[in-house]
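Here is the structure we will look at, set down as structure tokens.
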Amino acid sequence: MKKLNLLFIAFVVLSVKALAQQPATRAFVDEQGVITTESVLDVQLPPAARDGLMPMPGFPLSFGSNTTYKPMRGLTLADLNNDGADEIILNHNEEINVIDGQGNILWAQTLAGGMGQYPATVGDIDGDGNLEVVALTAYGNARGGINVFSNTGEVLLATVTNNNPLICAPVLADLNNDGILEIIFCGRGKASASISAGVHAWNLQGEEIDGFPFEMPSTPAFTPTLADIDGDGFLELFIATTSVLYCVSHTGEILYSVDGQEAYKYSYQSPLVVDFDGDGEWSLVGACHGDNPNHYIRNAHTGEYRQGWPKPVSSWTYSAPTVVRNETMVKSSDDFAIFMGVSGEGNVFYQYDADGNVAPGFPLNLTSGIEGFVSVADIDSDGENEIITDFNLMDGGEGFIRAWKMDGTEVTNGFPLRPQGLTYMNGANFGDIDGDGNLEIVTLSYVQNFSPDDPVYVTAYALNQPVGNLVFGTYKGSNDRMGWLREETVLVQCYPIENLTWETGGDWPYIGLFWDLPSETSTGDLIALQVYRDDELIATLPADYTSFSDDSFGDAYETHFYSINAVYSDGCEAMSETIEAMWIPDGVDEHLGQSCIYPNPAKDMLRIEGKDILQVEVFNMVGQKVLSVSENFDAIQLNSLPDGMYFVRLQTKQGEKMAKLMIEK
């Protein structure tokens, strides 16, 4: 029996060892820019997820792919049809697909010029309130294309560029301040190319704007970055060949250039422009690959390195940077977190502050790299952001989307996600694809067997966290791909209460205020109403009140000024118009003294007799002043006033006097 037990234990040990030796698949990019895979043993796979998120109904979706080239930098999520939900825009093979939150294909078009390897760029090019979609294509070194579609899939522009592959994403920005967005892109033109190598800026008709193209002496290969670094209202461009980084004006003039060392290259890692110190001095954040790869921050105005940079890394990187700021802190250089990955294994994922210090818990030492764009969001509503990344490994036919705390601790509640295929060079796009106000994660993955049957997968997962928890969720941080991380001025708009009126009378001394709630929608929720009398706050009311009675104002016939302040949840406040009001007792006719009015009731004309009258004002029963005269008191015309009861106030040198007036025609 003992011998049998020993044999059983030996069998189990051998079985576990054999299981551990099952190869995983690792992806990497070769020197021709082709994603290649290899089988690897003894790799450290991510921990299994607890309560892992499952794909939403209708997902995953499977599409055909190019046998050699696979999509990079993820998808695009944007509300194309203005229905309050983001659509999923997929570039793959030689086709673009627009998909809704239930997995339905809303429209599809063939891409001119080759394969869409980078995500589409989206913006309202012509200012008509509808988004346009721009996709670049490439096919090896043979050709490329510029494709522009309306939000409903109509082809607006389709141009093939012979011998000029367009492998990166375009940028949409208004370079010449004419209110129309230009399409800015890099071409890798060969000698016989139909358009030159360099940076082009086209209008929607496919025409270059003044100052462009900016021709470059060697191959450019990253998405341009644009920012107004000098505050003159015009954008500057940051572009590069493999060996030289350029800063170019909006008219195509070189402002400066930085020669790279022969051992490293600028391509593919499109930089971001950030103001780390809040002083208007912009920085350029990026990475270089080659034989001497590094992560860098440069002064965007001069090209000089920021103190503490560059940072050498162990392996090539195609990872574009992600930069986020903790909004709860006073703005300073250590308030920023900068994320960049590398390929290979070992120290493959870094978090820095702006001064080049590596954050506690980093770099992450892993058996494979992280090179897709990095997303940042509060994925569990605990008030702390998490980091969401791709991973270069696939195991059992499934890839990984991993999540990490800011201290480098891996999140295992719901993560890693396990979409089919490799997630390498992509990442996790965030948006609201079903219009419920909560975030969804949409992944792009693929199989790379260099086969016509290789699929591309789109998978959506419901995160069930508010849209406001998203910080950075797409390639270069926005669908225009500008890479300018400026703090946008948030439009906070709120509206006052409407139709403020008053009434008074009777033996009970009071002034009654009445109003309507705002009819226009504000950016925040109405949370309170504040009543002011003579510029002093006298009451705070619930947001749904539409009246208030003031019985603490003083004596009869004293004029008071009332207004209502509407207070909103986003801090916005809106003050109403100010009205004059007073308590007028029922016996007002007895307070005219030596003055008199007649006839009463009146028809078309009112006469007032008395000593030292300065002004006569007539109010309707809701306190609105309807008439005011300062002369000819013996012939006051009433033709414009309808029948009804009114109050007449006489301003005299001895003070104010009140009377009731009936008009009957």
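Take residues that are within 30 Å of I370 (Cα to Cα) and tell me which of the strands (runs of 3 or more DSSP E) falling wholly in region 73-117 contain 2 or more. Can you show your working first?
Working: elements: 76-78, 87-92, 95-99, 105-110.
Fully inside region 73-117 and qualifying: 76-78, 87-92, 95-99.
Based on this model, can you work out whether Y246 counts as open to solvent by 10 Å² or more (accessible area, probe 1.4 Å) and free of Cβ contacts under 8 Å to residues at least 40 places away in the same chain? Quick ask: steps written out before the conclusion?
Values: open to solvent by 10 Å² or more (accessible area, probe 1.4 Å): yes; free of Cβ contacts under 8 Å to residues at least 40 places away in the same chain: yes.
It is true that Y246 is open to solvent by 10 Å² or more (accessible area, probe 1.4 Å) and free of Cβ contacts under 8 Å to residues at least 40 places away in the same chain.
Go through region 80-106 and give me each residue that's touching an Asp or Glu at 6+ places or on another chain (Cβ under 9 Å), open to solvent by 40 Å² or more (accessible area, probe 1.4 Å) and without any contact (Cβ under 8 Å) to a residue 60 or more places away in the chain.
L106
Picking from G383, G408, G361, G435, which residue would you name as being farther than 21 Å from V274 by Cβ, free of Cβ contacts under 8 Å to residues at least 24 places away in the same chain, open to solvent by 10 Å² or more (accessible area, probe 1.4 Å) and assigned to a loop (DSSP other than H, G, I, E, B)? Give the steps one after another, and end with the answer.
Numbers: G408 fails: free of Cβ contacts under 8 Å to residues at least 24 places away in the same chain; G361 fails: free of Cβ contacts under 8 Å to residues at least 24 places away in the same chain; G435 fails: free of Cβ contacts under 8 Å to residues at least 24 places away in the same chain.
So the residue among G383, G408, G361, G435 that is farther than 21 Å from V274 by Cβ, free of Cβ contacts under 8 Å to residues at least 24 places away in the same chain, open to solvent by 10 Å² or more (accessible area, probe 1.4 Å) and assigned to a loop (DSSP other than H, G, I, E, B) is G383.
Could you check region 593-649 and list, in sequence order, the residues that are under 16 Å from W502 (Cα atoms) and of a type in the set (A, V, I, L, M, F, W, C)?
V618, F619, M621, V622, V626, M645, F647, V648
Identify, by number, the condition in (1) aliphatic (A, V, I, L, M); (2) open to solvent by 40 Å² or more (accessible area, probe 1.4 Å); (3) closer than 22 Å to M425 by Cα that A221 doesn't meet.
(2)
So for region 559-566 (the condition being without any contact (Cβ under 8 Å) to a residue 40 or more places away in the chain, of a type in the set (S, T, Y) and not in a loop (DSSP other than H, G, I, E, B)), does at least one residue qualify?
no
For residues in region 624-644 being open to solvent by 70 Å² or more (accessible area, probe 1.4 Å) and either under 15 Å from T559 (Cα atoms) or not in a loop (DSSP other than H, G, I, E, B) (or both), which is modelled with the lowest pLDDT? Spell out how you get there, then give the answer.
So in region 624-644, the residues open to solvent by 70 Å² or more (accessible area, probe 1.4 Å) come out as 624-625, 630-632, 634, 637, 639-640, 642-643.
Retained after the next criterion (residues that are either under 15 Å from T559 (Cα atoms) or not in a loop (DSSP other than H, G, I, E, B) (or both)): 624-625, 637.
Working: Q624: 79, K625: 85, Q637: 91.
Per the stated criteria, the residue is Q624.
Going through region 67-79 one residue at a time, which ones are at pLDDT below 95 and open to solvent by 20 Å² or more (accessible area, probe 1.4 Å)?
Answer for region 67-79, where residues must be at pLDDT below 95 and open to solvent by 20 Å² or more (accessible area, probe 1.4 Å): T67, T68, Y69.
Please verify whether region 602-609 includes one or more residues that are surrounded by 14 or more Cβ atoms within 10 Å (Cβ to Cβ) and within 30 Å of V531 (Cα to Cα).
Checked region 602-609: no residue is surrounded by 14 or more Cβ atoms within 10 Å (Cβ to Cβ) and within 30 Å of V531 (Cα to Cα).
Take the residues of region 645-665 that are within 17 Å of Y557 (Cβ to Cβ) and of a type in the set (K, R): which is most open to solvent (accessible area, probe 1.4 Å)? Break it down stepwise before answering.
So in region 645-665, the residues within 17 Å of Y557 (Cβ to Cβ) come out as 646-661.
Keeping just the survivors that are of a type in the set (K, R) gives 649, 653, 657, 660.
On the way: R649: 4, K653: 143, K657: 38, K660: 53 Å².
This residue is K653.
Looking at (1) in a strand (DSSP E or B); (2) over 26 Å from S62 (Cα atoms); (3) open to solvent by 10 Å² or more (accessible area, probe 1.4 Å), which one does L172 not meet, given that it meets all the others?
Tallying (1) in a strand (DSSP E or B); (2) over 26 Å from S62 (Cα atoms); (3) open to solvent by 10 Å² or more (accessible area, probe 1.4 Å), L172 fails exactly one: (3).
For A354, are the conditions met, namely being assigned to a strand (DSSP E or B), surrounded by 15 or more Cβ atoms within 10 Å (Cβ to Cβ) and of a type outside the set (D, E)? Even if it seems obvious, please write down each step before you answer.
On the way: assigned to a strand (DSSP E or B): no; surrounded by 15 or more Cβ atoms within 10 Å (Cβ to Cβ): yes; of a type outside the set (D, E): yes.
Here the answer is no, as A354 does not meet what is asked.
For (1) among the aromatic types (F, W, Y); (2) within 30 Å of L226 (Cα to Cα); (3) more than 20 Å from the chain's Cα centre (by Cα); (4) modelled with pLDDT under 95, each residue gets a yes or a no:
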position: Y475; (1), (2), (3), (4): yes, yes, no, no
position: G483; (1), (2), (3), (4): no, yes, no, no
position: Q493; (1), (2), (3), (4): no, yes, no, yes
position: T501; (1), (2), (3), (4): no, no, yes, yes
position: G506; (1), (2), (3), (4): no, no, yes, yes
position: S519; (1), (2), (3), (4): no, no, yes, yes
position: L529; (1), (2), (3), (4): no, no, yes, no
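Evaluate the following for N449: is it polar (S, T, N, Q), assigned to a strand (DSSP E or B) and open to solvent by 10 Å² or more (accessible area, probe 1.4 Å)? Explain how you work it out, then say what you get.
Working: polar (S, T, N, Q): yes; assigned to a strand (DSSP E or B): no; open to solvent by 10 Å² or more (accessible area, probe 1.4 Å): yes.
Judged against the criteria, N449 is not a match.
Within region 550-567, which residues are modelled with pLDDT of 90 or more and open to solvent by 50 Å² or more (accessible area, probe 1.4 Å)?
F561
Scanning for something more than 29 Å from the chain's Cα centre (by Cα), closer than 24 Å to N176 by Cα and open to solvent by 20 Å² or more (accessible area, probe 1.4 Å), does region 256-274 turn up at least one residue? Let's see the steps before the verdict.
First pass over region 256-274, keeping only residues more than 29 Å from the chain's Cα centre (by Cα): 256-265.
Filter once more, so that each one left must be closer than 24 Å to N176 by Cα: 256-257.
Narrowing the set further to residues that are open to solvent by 20 Å² or more (accessible area, probe 1.4 Å) leaves 256-257.
Looking through region 256-274, at least one residue is more than 29 Å from the chain's Cα centre (by Cα), closer than 24 Å to N176 by Cα and open to solvent by 20 Å² or more (accessible area, probe 1.4 Å).
When you go through N429, N464 one by one, which is the residue that is more than 18 Å from S343 (Cα to Cα), polar (S, T, N, Q) and at pLDDT 95 or above?
Working: N464 fails: at pLDDT 95 or above.
Criteria check complete, one pass: N429.
Could you pull out the residue among G233, G211, G206 that is surrounded by fewer than 18 Cβ atoms within 10 Å (Cβ to Cβ), on the phi > 0 side of the Ramachandran plot and under 25 Å from the mean Cα position of the chain (by Cα)?
After ruling out the rest, the residue left standing is G233.
Given (1) more than 24 Å from T578 (Cα to Cα); (2) open to solvent by 70 Å² or more (accessible area, probe 1.4 Å), identify the lone condition not met by M621.
Condition not satisfied by M621: (1).
D454: more than 26 Å from the chain's Cα centre (by Cα), exposed (fewer than 14 other Cβ atoms within 10 Å of the Cβ) and acidic (D, E), yes or no?
Working: more than 26 Å from the chain's Cα centre (by Cα): yes; exposed (fewer than 14 other Cβ atoms within 10 Å of the Cβ): no; acidic (D, E): yes.
In short, no.
Give me the residue from region 246-264 that is at pLDDT 90 or above and of a type in the set (S, T, Y) and, out of that set, nearest to F212 (Cα to Cα).
Going through region 246-264, the residues at pLDDT 90 or above turn out to be 246-258.
Next, only the ones that are of a type in the set (S, T, Y) stay: 246, 249, 251, 256-257.
Numbers: Y246: 15, S249: 11, T251: 7, Y256: 17, S257: 17 Å.
If we take residues in region 246-264 being at pLDDT 90 or above and of a type in the set (S, T, Y), then T251 is nearest to F212 (Cα to Cα).
Select, from G144, G127, G189, the only residue that is open to solvent by 10 Å² or more (accessible area, probe 1.4 Å) and touching a Ser or Thr at 6+ places or on another chain (Cβ under 8 Å).
Values: G144 fails: open to solvent by 10 Å² or more (accessible area, probe 1.4 Å); G127 fails: touching a Ser or Thr at 6+ places or on another chain (Cβ under 8 Å).
None of the other options fit; the residue is G189.
So which strands (runs of 3 or more DSSP E) are wholly in region 216-324 and hold at least 3 residues that are of a type in the set (D, E)? Don't jump to the end; show me each part of the working.
On the way: elements: 225-227, 236-240, 244-248, 254-259, 272-274, 283-290, 294-299.
Ranges flagged: none.
Note down all Cβ pairs under 8 Å where the first residue falls in region 107-123 and is closer than 13 Å to A169 by Cβ and of a type in the set (S, T, N, Q), the second is open to solvent by less than 10 Å² (accessible area, probe 1.4 Å) and outside any strand (DSSP E or B), and they're at least six residues apart or on different chains.
Close Cβ pairs (under 8 Å, with a partner that is open to solvent by less than 10 Å² (accessible area, probe 1.4 Å) and outside any strand (DSSP E or B)) amount to Q117/K70; Q117/P71; T121/A169; T121/P170; T121/R481.
The values are calculated or read from the model by the stated rules, or taken from the named source; none is laboratory data. Because the structure is predicted, anything quoted here is derived from the model rather than measured. Glycine gets a Cβ as well: all are built from the backbone with ideal geometry, and neighbour counts include every protein chain shown. These accessible areas exclude ligands, DNA and RNA; they are computed on the full protein's heavy atoms, side chains included. Shrake-Rupley method; radii C 1.70, N 1.55, O 1.52, S 1.80 Å.
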